[in-house]
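What follows is a short report on a single structure.
Quick note: the coordinates plus some simple rules give every number you see, no bench work behind them. These numbers were taken from a predicted model, which means no experiment stands behind them. Cβ: placed from backbone, ideal geometry, glycine included. Neighbour counts: every protein chain shown.
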Amino acid sequence: MAELIDGKAIAAKMREQIAADTQELIAKKVTPGLAVVLVGEDPASRVYVSMKEKACAAAGIYSVEHKLATETSEAELLELIVALNEDEKIDGILVQLPLPDHIDESKVLETISPAKDVDGFHPYNVGRLVTGNPVFQPCTPYGVMKMLEYTGVELKGKEVVVVGRSNIVGKPVALMCLAEHATVTICHSRTADLSQKVASADVVIAAVGRPEMIKGEWIKKGAIVIDVGVNRVGEKKLVGDVDFAGACENAAAITPVPGGVGPMTITMLLYNTLLSAKRRAGMVD
């Protein structure tokens, strides 16, 4: 049976260090600050924003929420972001996605200062990631990399198969694995012979957004499986993109859903906010 990669435990350990580093900064008269902007009433977004607020409080990070009505205009949202760019108390700006249909998501993300883009979605930061000199790395894929680090696997020379090609997870995590000298294949829901591609992988990173699409028998013996997917099946059940029970028969280590990658995303948001504050304090480049 596969060893479980416990995202909650890894996140808790990292958050302890983040809290300690935050106190060290506060002692130097620099308090890390995060602004979260929520437009509309999306229930899932409200839950995420609440979790981020609690995580900031536990770490000692100053946080401020801007909850805006669904009918808020694009111009009003952009004006708020410009003001947050200029606010010296704010080190990180996060605009909760999705945005209402009348607001251009790309325009909003491009208005955030790259120096405060703790989500790592600004084209400047994406470009820096591509060229191997990142400023901020996107939180979910960064969390995946920390989990792989925890397993002790050396990615150098390994075959990594990423299933999913989103800008939020699939593409950036592939770039991060390339930076660690892995050989990376990006697959997706239309990939021919997906089972064969997955079967070749020493590390499988699943982020395709389809419940249990990746079958357990596809997993190579001894492979490491990171399942980023969170899919609701029925009223209450959550499953990943990987058939967990089947994959456990072959994998050396695997993340559960829930309790795997999820806790790492907010942890890396705190990590990036702290990093931004350290830059403001002149402690890092």
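Of the cross-linked pairs 54/236; 54/215; 67/171; 13/52, which ones have a Cα-Cα span greater than 26 Å in the structure shown?
Details: 54/236 24 Å; 54/215 36 Å; 67/171 30 Å; 13/52 17 Å.
Over 26 Å apart, Cα to Cα: 54/215; 67/171.
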Working out 0.36 nm times the residue gap between residue 27 and residue 283, then minus their Cα-Cα distance, what length gain in nm do you get to one decimal? 90.8 nm
Where the centroid of each part is defined by its Cα atoms, how far is segment 90-139 from segment 140-185 in Å? 20
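In debye to the nearest 20, how big a dipole does segment 30-113 give about its Cα centre with +1 on each Lys and Arg Cβ and -1 on each Asp and Glu Cβ?
Numbers: 6 positive and 16 negative charges, 99 e Å.
The calculated dipole for segment 30-113 is roughly 480 debye.
Got a sec? How would 129, 78 order by Cβ neighbour count within 10 Å, fewest to most?
78, 129
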Modelling each spin label as a point 7 Å along the Cα-to-Cβ direction, I'd like the residue 51/residue 17 distance in nm, to one decimal. 2.2
Could you work out how far helix 43-59 tilts from the main Cα principal axis of the chain, as a 0 to 90 degree angle to the nearest 10? 70
Between segment 1-75 and segment 190-261, the Cα center-to-center distance that results, in Å: 27
Could you give the size of the charge dipole of the chain about its Cα centre, using +1 on the Cβ of each K and R and -1 on the Cβ of each D and E, expressed in debye and rounded to the nearest 20? 640
FRET efficiency, residue 85 to residue 41 (Cβ-Cβ, R0 35 Å, nearest 0.05): 0.85
How would 190, 280, 46 line up from fewest to most surrounding beta-carbon atoms within 10 angstrom? 190, 46, 280
Using the Karplus equation 6.51 cos²θ - 1.76 cosθ + 1.60 (θ = phi - 60°), what ³J(HN,Hα) coupling, rounded to whole Hz, does each residue of segment 275-285 give in order, writing x for Gly and Pro? 4, 4, 5, 5, 5, 4, 7, x, 7, 9, 6
Which aspartates and glutamates have a Cα less than 15 Å from the Cα of residue 29, not counting those fewer than 8 places away in the same chain? 21, 88, 91
Peptides 55-65, 80-90, 137-147: what's the order by average Cβ count within 10 Å, highest mean first? 137-147, 55-65, 80-90
Does anyone have the angle between helix 139-151 and the longest principal axis of the chain? Alpha-carbon axes, 0 to 90°, nearest 10? 50
Give the relative contact order (percent, whole number) for the chain; include only Cα pairs under 8 Å separated by 6+ residues. 22
Candidates 94, 34, 238: whichever shows maximal mean-square fluctuation once the chain is modelled as a Gaussian network with Cα springs under 10 Å: 238
Would you please give the FRET efficiency between residue 105 and residue 178, computed as 1/(1 + (r/R0)^6) with r the Cβ-Cβ distance and R0 = 30 Å, to the nearest 0.05? 0.70
